[in-house]
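The values are calculated or read from the model by the stated rules, or taken from the named source; none is laboratory data. The structure presented is a predicted model; accordingly, all values stated were derived computationally and were not measured. Using ideal geometry, Cβ is built from the backbone for each residue, glycine included, and neighbour counts are taken over all protein chains shown. Quick note on the areas: whole protein, heavy atoms, side chains included, nothing else; ligands and nucleic acids left out. Shrake-Rupley method; radii C 1.70, N 1.55, O 1.52, S 1.80 Å.
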Amino acid sequence: MADLPRVLVVDDSRLVRASLVQHIRASYDVREEGDGEAAWQALVLDQSIRAVVSDLQMPKMNGYQLLERLRTSRLRRLQQMPFILVSGEETEEERARARSAGASDFITKGSGTVEILTRLGNLLALQEAHEAVESVQEERVHNPQTGLYTRKFLELQIAQALSHSARHGMDVSLMVLGFDGFESLGERLGVEQAEKIIHRFARMLSGKVRQEDSLGHVAPGCLAVVSPGTALVHCASFAERVRQAVEASRLAAQGETIELTVSIGLAGVPADTVTSAGALLDLAMERMEKALQAGGNRVESNADTPAQRPISIPHALELLRVRRPDAVRPHLDVLLSQLLPLLALMDETLTLGLPMDVIQRRAADTAGKK
């Protein structure tokens, strides 16, 4: 059974799941889930799943929502995964909606074994051919468009770093940056122009990393940095500085001002118990995806690593300079506490007449809530 391709069957009806499993269990290793949310969690964590057969109407997350989440995921294996929808009495409009969202195929409830197996087999064969073509392309060291390292080469760098770590006890850290709203940016400006903007940040980032680090392009709108010999906590500090620098930037493209933020996922050894380069890269990308789904513009690491620091006064001033006050407002109480000694000195020296008693009371209340 372990040698068979794994298929995820998703339906809130046990009877329907049992019927589908009966049709395909001789040819596939089957995993079952009863709702879209549980299916999503399974797809993120279970890297052996090769295809999905899903109902449309389900609790917690329906088939449309599950399909959309896969197709907009930053994980390439989920973006491209064959997805068959089990159709009941849906209208042609609903089927068109599913097709435009990225459904690979449809089967009607009550379809026979031959039809289901044929559709699954064809989709998996196409997927294998597509992966073979990509594998040839990824053998290149550099992406021909960006000049950055390819995902395949980064995996080799990670594998070498992990091997060295196992022999000498050296830390290895990996940072994956995904630009928030990259898809909508591509729709507004065109994919080529959107990628050019990301390349500008890549050039900036290449000047900040060490010579022994490796910077690469791992997915549309996604960059990664492999840092041998760097503890995860230090990588988190660097990631936060990068996040702040992107947040405070303003770029002009096609006559409009572009404001960007990034979601960053971190992973590393020995902080994370992974043994392969692919697993470490997938973990960092999954954490980047988690940061994106939590609202973006944040750093996500393991639970023991303090990834995000309070906003600093210089960063707040930089954000105000580029007219992004909304990014500063959530931090005003912390900034007030930092500025209190300066305000007191200014009031005393320059005789400003500031209501220092009110300001000090507010700062004290804020400190008492922490």
- Query: Does region 280-294 contain at least one residue that is over 11 Å from the mean Cα position of the chain (by Cα), farther than 25 Å from residue 163 by Cα and without any contact (Cβ under 8 Å) to a residue 40 or more places away in the chain?
  - Reply: no
- Query: Name the pairs: first residue in region 343-365 and in contact (Cβ under 8 Å) with a residue 12 or more places away in the chain, second residue assigned to a loop (DSSP other than H, G, I, E, B), Cβ to Cβ under 8 Å, at least 6 apart or on different chains?
  - Reply: 343/354
- Applying the selection to region 48-57, what residues are within 13 Å of residue 86 (Cα to Cα) and not in a strand (DSSP E or B)? 56, 57
- Message: Which numbered condition in (1) at pLDDT below 85; (2) of a type in the set (Ser, Thr, Tyr); (3) within 22 Å of residue 73 (Cβ to Cβ) is the only one that residue 184 fails?
- Response: (1)
- Here the residues within region 10-47 that are more than 24 Å from residue 73 (Cβ to Cβ), open to solvent by 60 Å² or more (accessible area, probe 1.4 Å) and assigned to a helix (DSSP H, G or I) are 14, 15, 22
- Of all the residues that make up region 213-249, how many are part of a loop (DSSP other than H, G, I, E, B) and hydrophobic (A, V, I, L, M, F, W, C)? 2
- Test for residue 68: is it surrounded by fewer than 19 Cβ atoms within 10 Å (Cβ to Cβ), farther than 30 Å from residue 264 by Cβ and of a type outside the set (Lys, Arg): no
- Message: As an exercise: evaluate residue 55 against (1) open to solvent by 20 Å² or more (accessible area, probe 1.4 Å); (2) modelled with pLDDT under 90; (3) of a type in the set (Asp, Glu) and give the number of the one condition it does not meet.
- Response: (1)
- Residues in region 85-94: is at least one open to solvent by 10 Å² or more (accessible area, probe 1.4 Å), within 29 Å of the chain's Cα centre (by Cα) and in contact (Cβ under 8 Å) with a residue 24 or more places away in the chain? yes
- Message: Can you pull out every residue in region 142-181 that is modelled with pLDDT of 85 or more, farther than 28 Å from residue 252 by Cβ and in a strand (DSSP E or B)?
- Response: 172, 173, 174
